[in-house]
């Protein structure tokens, strides 16, 4: 759920004032919820009207039940309840809490699996009689409603999960089992939940205005309230519970393997999103939206929670009436990537960059896949949902695997580089993160293996969901972004010794068939060469934009601290007192830099990722490798390693000990050092050595090679949602009604600038850029377009190099 | 005498030149000293009033619990011993709280909940760490994550399990064109 604040408070206040005077019939509804008979609704919802352990919950949200898009909060909400149809079993406990028994046989049960509280640190609602019927106008009902719908969705998911895990994973070795991400330890290791003893709590009366969240750290769902109306709670809308719980189940699915084969060896959890905008976040929101369809099969969600006052409810399929006429379920009219990244169906004239709008592409794709599986496999909708969520689970479990094996018969390095959790986490976070391309490929791979012809002895779909159908559906959404299904994974290790191979050709990831995509099926998806990306060539165009306003960077630092745990160096002033807002990079500052990228192709590129992470671009003596695509430095005299230096041609090899025998990964920024009459480019430790009076204790961190300029982890990856053809990134950003474009922090990478840098010192930061619909960022022509091996992402090979040069000034 | 009078200015010039070139690379020691002093003073400052005691008091580590191993210790144990890269410190939590609060707005409450003590096996070495949950509370804003913390220095090694907020505050930035060199 996304509450878009821009102008909404103003709009809402105006609406409330004017709307009270204007008859509701004058305000057109953007959606047409079916009117449901509310006969049987009473004016009260009393405990005496229900048996013990039962209660009543809304069948849907108040807009859908009443058929009124402007259903007033002054109404008696009890009339929305049907005395018999809305009567459900809730819990046998005296508080809103339930166990989970995923297999339904009393084994591997989590006793206090999920519960409800009013808010954090508040006591639970206690009902000794266990009669969970409360006045639907009150706050207690909201807790019951939220709890009841959480139960509804979890019951369905556990039921489906038990079926597909049994169907996919427990077959004999000769069958699909070997390709499955899920193992026999799935239930016994409690990989199906957050932990054997963790309770997923929902705070249904959360004291948060116009907001909701899922907190994996507190294993909690918060459903907030309205700014103005004390009777309006987001928990009154079941579809918002489905969405937030969808985030929770995404977390569970993504970490399934970390709890199975990773138990006792993986201390971290994977996640999709890391910045306020990135494609992992787009995926997360889209999947969460889809979970509403997963439960109720409807084409729209959050009509009450987001739509009633904020006009921000969202459709889930192209046939929904809220869409513009240009959108339909025809193959060439789907909500395609990247065209609809900024699309707000409520305000089509005001495109906006936000993960929730981009997420609509993913939610619509998943709904279409569900419907397609239903049709192609000749099964009913519940079965199609079960199969789709099983495919999704398999894909996410593989992508989030920090053991790196990917699936039961996988070898180390299949995904996320190596069986070292720190390296695997870094690859997931930065070097080869889960973007829309990676997700689309994984979903295709799993669909092929589970419902398609990928395994002839296993039939979840009969006749099999054809490979051509997979590719055409993916392409209709602009998601046929891959040239192979990468069945052989991305491991750079030797298939027999599991040690480093002699040549990449011998690596596991280049063995066997990757399974090629039929290029004839790529009609709508456009792949662009990385050479199209460059710095804006317009006369006078700056190479980048700098952000150094003190108040703004304080806010950025605070946001990075709270969202990513980024803690700035103690060499910088705690209040960023050196930030002077003069647009220059000065000693002691914390600055953001957004490359002024230009797309020289005729097609939009999307999911543009700018990496300021450490990478392999120097040899062991600190000489810079000039063969990384940027021809920098231009000579050995200027600091380049010898042309044939093997340390610049060998790919890095990562071992489980965390070592990289070929070479280190070095910080991106190097410095110009004056030596007599010559200058050369060197790593920052050489500058430190040349400066009297400074020691490594005066560096920004522990690494002398990032002593003076450092991009802290968590702030070292920037994302630009898209860049239109023949435009730069700034002119691609949507404009508001005043024609202004807003720049947010996620487009920049951030640097700490040491206070000890002498003004006049010049740096070059060798930044690497790639994007999701890139032709040659992922496909290695030397291996028939098989995906690059994961260790290749430590080099410049898969990226477009963009060097940023600047001089630190006072 | 005459020679001496001629030599002295040259000597002074030479000293001035040497001083000038030295100052290009060297940091004035007085400034260095002052800067180091300010860092030390900042480290010794008492905690600002804006970072109060958490509601659930967790400032003092509880009775030392058995540390969990992450990884296969048999792989790296030599002579029945592990080689550790750090030694647990009693005030790791205080150091962590200080670093998280540094630069944090005065209206933000920070809570730290220790979850478990670990020994992370990294190749041939072992490191003592603490796993915590960090919660930031301010008006109409709540964020949290898990963190792995060095048991000696209190430094954050890695964070994960970050909150997924639906309505995140956005920060608009004012761009300045970078002057090309």
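Worth a mention:
- Of all residues in segment A:117-144, those that are more than 14 Å from chain B (Cβ to nearest Cβ), under 26 Å from residue A:214 (Cβ atoms) and part of a loop (DSSP other than H, G, I, E, B) total 7.
- Any pair with Cβ under 9 angstrom, 6 or more apart, that starts in segment A:364-383 at a residue that is closer than 12 Å to residue A:294 by Cα and ends at one that is outside any helix (DSSP H, G or I) and modelled with pLDDT under 95: A:383/A:377
- Verdict on residue B:156 being within 23 Å of the chain's Cα centre (by Cα) and facing chain A (nearest Cβ under 9 Å): yes
- Any hit, segment A:241-255, residues being surrounded by 24 or more Cβ atoms within 10 Å (Cβ to Cβ), more than 11 Å from chain B (Cβ to nearest Cβ) and either modelled with pLDDT under 95 or over 17 Å from the mean Cα position of the chain (by Cα) (or both): yes
- Number of positions in segment A:615-627 that are buried (at least 22 other Cβ atoms within 10 Å of the Cβ) and more than 17 Å from residue A:595 (Cβ to Cβ): 6
- The set of residues in segment A:713-725 being touching a strand residue (DSSP E or B) at 6+ places or on another chain (Cβ under 7 Å) and either within 10 Å of chain B (Cβ to nearest Cβ) or more than 25 Å from residue A:795 (Cβ to Cβ) (or both) consists of A:721, A:722, A:724, A:725.
- Scope segment B:133-156; condition touching a helix residue (DSSP H, G or I) at 6+ places or on another chain (Cβ under 6 Å) and farther than 17 Å from residue A:214 by Cα; matching residues: B:149, B:151, B:154
- The single condition from (1) over 30 Å from residue A:550 (Cα atoms); (2) modelled with pLDDT under 60; (3) more than 14 Å from chain A (Cβ to nearest Cβ) that residue B:65 fails is (2).
- Meets criteria (within 14 Å of chain B (Cβ to nearest Cβ) and either closer than 30 Å to residue B:156 by Cα or assigned to a loop (DSSP other than H, G, I, E, B) (or both)) for residue A:498: no
- Residues that are touching a residue at least 12 places away in the same chain (Cβ under 8 Å) and surrounded by fewer than 18 Cβ atoms within 10 Å (Cβ to Cβ) were ranked within segment A:123-136; the one that is nearest to residue A:86 (Cα to Cα) is A:135.
- Residue selected from segment B:117-173 under the condition in contact (Cβ under 8 Å) with a residue 60 or more places away in the chain and in a loop (DSSP other than H, G, I, E, B), by the criterion surrounded by the most Cβ atoms within 10 Å (Cβ to Cβ): B:151
- Single residue of segment A:757-785 satisfying the filter (in a strand (DSSP E or B) and away from chain B (no Cβ under 14 Å)) that is nearest to residue A:478 (Cα to Cα): A:774
A quick yes/no check of all residues on (1) closer than 22 Å to residue A:383 by Cα; (2) outside any helix (DSSP H, G or I):
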site: A:438; (1), (2): no, no
site: A:441; (1), (2): no, no
site: A:446; (1), (2): yes, no
site: A:449; (1), (2): yes, no
site: A:453; (1), (2): yes, yes
site: A:465; (1), (2): yes, yes
site: A:473; (1), (2): yes, no
site: A:478; (1), (2): no, yes
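- Of all residues in segment B:74-92 being at pLDDT 65 or above and within 14 Å of chain A (Cβ to nearest Cβ), the one that is farthest from residue B:111 (Cα to Cα): B:83
The values are calculated or read from the model by the stated rules, or taken from the named source; none is laboratory data. Not measured: the values here are computed from a predicted model. Please note: Cβ atoms are built from the backbone with ideal geometry, for glycine as well, and neighbour counts cover all protein chains shown.
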